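Everything below concerns the one structure shown next.
The values are calculated or read from the model by the stated rules, or taken from the named source; none is laboratory data. Bear in mind the structure is a predicted one, so any value in this text is a computation, not a measurement. Virtual Cβ from ideal backbone geometry, glycine too; neighbours counted across all protein chains shown. Accessible surface is based on the protein model in full, side chains and every heavy atom, while ligands, DNA and RNA are left aside. Shrake-Rupley method; radii C 1.70, N 1.55, O 1.52, S 1.80 Å.
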Amino acid sequence: MVLQDLGRRINAAVTDLTRSQTLDEKAFDGMIKEISNALIAADVNIKLVSQLRKSIKASVKFNELPPHANKKRIIQKAVFDALVDIVNPHQKPYEPKKGKSNVIMFVGLQGNGKTTTCTKLARWYQARGYKTCLVCADTFRAGAFDQLKQNAIKAKIPYYGSLTQTDPVVVAREGVEKFKKERFEIIIIDTSGRHHQDEALFAEMVEIQGAISPHQTIMVLDASVGQAAESQARAFKEASDFGAIIITKTDSAAVGGGAISAVAATHTPIVFIGTGEHLLDMEKFNPQSFVSKLLG
Ligand code: GDP
């Protein structure tokens, strides 16, 4: 199911109810059930859906509504607010400071879009006047440095990496030290992923974090991962304690309910979403505008 389908289904449930002759509590419960089913079909965690169901129910008290209350408005707002709540962990992400070296480290499984997103974020800050650079600390995957280098050259962003050094901790440290000395304001470090969560990956992540003390660690999560996203995020959270999430491939066929559940489970804000393969295909994430867009 794509995101638009989920939005359409939720909208239809609300419209059907507000247009029906009998706008009573039973019909209202039916609408909540339909919205819940749509979210579950989109891989949103069942506990989260049950939370949403309760919060919609609690915010519309049928028996206490004044006779001329605009029920349609009240119901629409309750649904909107409950959806916003799902994607809003009420945590503020780190805000990079101008005139200072802000070190941002990326983590995530291979193929989720980490390297692409590193460059997108670098370009995003560069376009906003920050002196920005990229460090490739992925010495695990052959070709990782070359990929980052190509991306960086295309975006005209200075980069650092090594074709000979096999220790990612050394590369990360050297890169960060070099760019700090050169007074770069945004230093983005790409780390290696693996196909699966494994001990070696987590040990490496912790070591790199220890070596470079990032101001922010961002986890990259593919929207199409589905239910598995949550356990993936929990495992990374335990190891790297990331402070922000970027959900990639929101333009793909999957709706990303799993990724959204992962955000809620780890109480971590989504900072951006990836909307395509190109450098500019990234949007700043805002819970309210995300839900507005979802509902069209
Ligand atoms: P990594 O292994 O996590 O570093 O992943 P890559 O950055 O190499 O990306 C894996 C694939 O996903 C590449 O083909 C990217 O072009 C693609 N990709 C990354 N982000 C997006 C996105 O937001 N939308 C789409 N459609 N593709 C993306």
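Averaging over all projection directions, find the projected area of the Cα convex hull of region 170-296 and quote it in nm² with one decimal place.
On the way: hull surface 34.8 nm².
Directional mean of the projected Cα hull area for region 170-296 stands at 8.7 nm².
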- State, as an integer percentage, the relative contact order of the chain based on alpha-carbon contacts under 8 Å between residues 6 or more apart. 24
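On the protein heavy atoms, probe 1.4 angstrom, tell me the percent of accessible surface of the chain carried by carbon and sulfur. Can you show the working numbers first?
On the way: 7210 of 14190 Å².
About 51 percent, which is the carbon plus sulfur part of the accessible surface.
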- Starting at the first residue of region 77-84, write each ³J(HN,Hα) from the Karplus equation 6.51 cos²θ - 1.76 cosθ + 1.60 with θ = phi - 60°, in whole Hz, x for Gly and Pro. 5, 4, 5, 4, 4, 5, 5, 4
- In square nanometres, what is one fourth of the surface area of the convex hull spanned by the alpha carbons of the chain? 15.9
- Task: With no solvent and one equal point scatterer per Cα, compute the Debye intensity ratio I(q)/I(0) for region 151-208 at 0.28 Å⁻¹ and report its log10, rounded to two decimals.
- Result: -1.22
- For region 284-296, what does the Karplus curve 6.51 cos²θ - 1.76 cosθ + 1.60, with θ = phi - 60°, yield as ³J(HN,Hα) per residue in whole Hz, taken in order and with x for Gly and Pro? 5, 9, 9, x, 5, 6, 4, 6, 4, 5, 4, 8, x
- For residue 97, counting only aspartates and glutamates whose alpha-carbon sits under 12 Å away and dropping same-chain residues fewer than eight positions off, the answer is 185
- Query: Counting Lys and Arg as +1 and Asp and Glu as -1, each charge on the Cβ, what is the dipole of region 1-155 about the Cα centre in debye, to the nearest 20?
  - Reply: 660
- Message: Give the lysines whose C-alpha is closer than 29 Å to that of residue 77, dropping any in the same chain fewer than 8 places away, or say none.
- Response: 26, 33, 47, 54, 57, 61, 92, 249, 284, 293
- Message: With every protein chain left in place and a probe of 1.4 Å, what is the accessible surface of residue 185, to the nearest 10 Å²?
- Response: 30
- Note on the structure: Computed over region 113-252, protein heavy atoms only, probe 1.4 angstrom, the accessible area per residue in square angstrom equals 43
- Note on the structure: Counting every C-alpha pair in region 56-130, the percent lying more than 19 Å apart is 63
- Query: So which lysines can residue 98 reach, going by Cα to Cα under 17 Å and dropping same-chain residues fewer than 8 places off?
  - Reply: 131, 180, 181
- Given the peptides 229-237, 6-14, 186-194, arrange them by the average over their residues of other C-beta atoms within 10 Å, most packed first. 186-194, 229-237, 6-14
- Where q = 0.14, 0.18, 0.19 Å⁻¹, what log10 of I(q)/I(0) comes from the Debye formula for region 100-221, counting one point per Cα? -0.49, -0.84, -0.95
- Proximal charge balance of residue 274 [Cβ under 11 Å; K/R count +1, D/E count -1]: -2
- If you take the Cα atoms of region 14-109, find Rg, then find the Kirkwood Rh from the mean of 1/r over all pairs, what is Rg/Rh? 1.18
